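The structure appears below as structure tokens.
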Amino acid sequence: METSPAARRLSTRFVAGETLEQALEVARKLKAEGITVTLDHLGESVTTLEEAAEARDVYLRTLDAIHAMGTDGNVSLKLTQFGLDLGTAECVANVERLVARAAELGSFVRVDMESSEYTDRTLNLVHELHAKHGAVGVVIQAYLYRSQADTEKLCAAGIRVRLCKGAYLEPAAVAYPRKSDVDAAYLSLTKCLMERGVYPALATHDEALIRRIRQFADERRVPRDAFEFQMLYGIRRDLQRRLAADGYRVRLYVPFGKAWYPYYMRRLAERPANVFFILRNLFRR
Ligand SMILES: Cc1cc2nc3c(=O)[nH]c(=O)nc-3n(C[C@H](O)[C@H](O)[C@H](O)COP(=O)(O)OP(=O)(O)OC[C@H]3O[C@@H](n4cnc5c(N)ncnc54)[C@H](O)[C@@H]3O)c2cc1C
């Protein structure tokens with residue numbers, strides 16, 4: 001799929017392009033609209049340490065380039081792309097290089113959260129590197145039962161959290177199966193982050209939820225620059241622009257690179273209507 005020209009054309013719905021230059025071009029356009037970015041070099045579950053080191057080097061270049069643009073753009077990465085399945089020590093060393101560079105630049109590294117088999121290792125790594133360098137934060141998934149306790153610990157350590165609903169297929173033993181429970185957990189974690197967290201990032205396209213977050217922030221007089229909304233590139237552009245126009249901080253997660261297939265499939269799985277979009281494009285002349 002990743003090398004087929006027809007399939008690649010479809011990927012542009014959610015992916016900025018294959019190269020760093022293309023991602024920076026998107027970042028420039030968004031900057032003009034008052035929207036900032038976190039860049040994600042696509043790739044996960046690498047199978048050799050050489051690939052992990054290559055990913056680290058691409059990220060080092062990305063961090064420098066986005067910093068040079070003069071936005072408060074930053075980067076988001078997945079630990080399995082940095083070698084977590086191949087060795088924790090090697091993975092920590094790769095991420096540490098990037099976090100140390102981000103600290104030098106006054107920038108920031110966000111560690112995405114993958115499936116629940118990685119939650120403990122991801123949180124441990126982030127706590128460890130934050131204690132040494134700052135400049136790193138993590139993601140909490142509202143669908144996991146454990147997230148309230150994890151969030152409390154992150155807030156106590158002063159670590160920035162991005163809150164999302166969660167994108168992986170998890171068993172009922174670890175995650176709420178019902179959407180209404182996930183939404184309720186999201187709201188309750190938002191309140192906790194707004195009260196005790198450091199510059200929370202609320203990552204969702206759920207308009208009803210966003211309305212309730214805005215309401216809560218207004219009631220508690222939380223300033224609009226004390227948190228940010230985050231959304232994915234290519235999803236709900238209308239809502240992104242409206243929030244920015246209303247004076248909220250908005251950051252888009254902008255993926256780029258050749259290894260777009262797993263990311264793309266997660267986006268399709270989230271919304272069946274996307275499959276019709278793909279089919280329509282496949283049959284369009
Ligand atoms: C910035 C950002 C970073 C993220 N990082 C992580 C991470 O590290 N780990 C992780 O597990 N998950 C991550 N996610 C994904 C997240 O967990 C959800 O799977 C995803 O955001 C969909 O949930 P939602 O909150 O938008 O709400 P939903 O209830 O799923 O959707 C609400 C509405 O948003 C729109 N929408 C949502 N998804 C799509 C889509 N794919 N295509 C078109 N429209 C859509 C629709 O209008 C839908 O009705 C991230 C999401 C964002 C925005």
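The values are calculated or read from the model by the stated rules, or taken from the named source; none is laboratory data. Because the structure is predicted, anything quoted here is derived from the model rather than measured. Cβ: placed from backbone, ideal geometry, glycine included. Neighbour counts: every protein chain shown. The accessibility values were calculated without ligands, DNA or RNA, using every heavy atom of the protein model including side chains. Shrake-Rupley method; radii C 1.70, N 1.55, O 1.52, S 1.80 Å.
Of the heavy-atom accessible surface of region 137-180 (probe 1.4 angstrom), what whole percent is carbon and sulfur?
The C+S portion of the solvent-accessible surface of region 137-180 is 64 percent.
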Which percent, to the nearest 5, of DSSP beta bridges fully inside the chain are antiparallel? 5
Given the options TRP260, GLY134, LEU63, identify the residue whose Cα lies farthest towards the positive end of the charge dipole of the chain (+1 on Cβ of Lys, Arg; -1 on Cβ of Asp, Glu). TRP260
For the chain, with only Lys/Arg (+1) and Asp/Glu (-1) charged at the beta-carbon, what is the dipole magnitude about the Cα centre, in debye rounded to 20? 1260
Helix by helix through the chain, keep the DSSP H runs that span 15 Å or more along the axis on Cα and average at least -1.0 on Kyte-Doolittle, and give those back in order. 20-32, 49-68, 88-105, 119-133, 179-196, 207-219, 273-283
Once you order the gyration tensor axes a ≥ b ≥ c over the Cα atoms, which shape class does the chain get: rounded for a/c under 1.5, otherwise prolate or oblate by comparing a/b with b/c? rounded
Rounded to the nearest whole Å², what accessible area per residue is found for the chain with the 1.4 Å probe? 46
Per-residue ellipticity at 222 nm attributable to helices in the chain (runs of n ≥ 4 DSSP H, -39500 (n - 2.57) apiece, nearest 500 deg cm²/dmol) works out to -16000 deg cm²/dmol
Can you spot the lysines whose alpha carbon is less than 22 Å from LYS29's alpha carbon? Ignore those fewer than 8 places along the same chain. LYS258
In debye, nearest 20: dipole of region 173-285 around its Cα centre with unit charges on the Cβ of K, R (+) and D, E (-)? 500
In terms of solvent-accessible area of protein heavy atoms at a 1.4 angstrom probe, what is the ranking of MET265, MET69, highest value first? MET265, MET69
Could you state, as a whole-number percent, how many of the C-alpha pairs of region 106-242 are farther apart than 19 Å? 50
In terms of modelled amide H atoms, which long-range or inter-chain residues lie less than 5 Å from the amide H of GLY83? VAL46
Counting only protein chains, not ligands or nucleic acids, how are ARG162, ARG61, ARG28 ordered by accessible area (probe 1.4 Å), most first? ARG61, ARG28, ARG162
Just how large is the dipole of region 29-174 about the Cα centre, in debye to the nearest 20, putting +1 at every Lys and Arg Cβ and -1 at every Asp and Glu Cβ? 520
Using only alpha carbon pairs under 8 Å that are at least six residues apart, calculate the relative contact order of the chain and give it in whole percent. 22
Where the Cα pairs of region 64-186 fall when distances are cut into 10 Å bins, in %: 13, 42, 33, 11, 1
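Using only the heavy atoms of the protein chains and a 1.4 Å probe, how would GLU270, GLU114, GLU44, GLU51 rank by accessible area, largest first?
Per-residue accessible area, sorted high to low, gives GLU270, GLU51, GLU44, GLU114.
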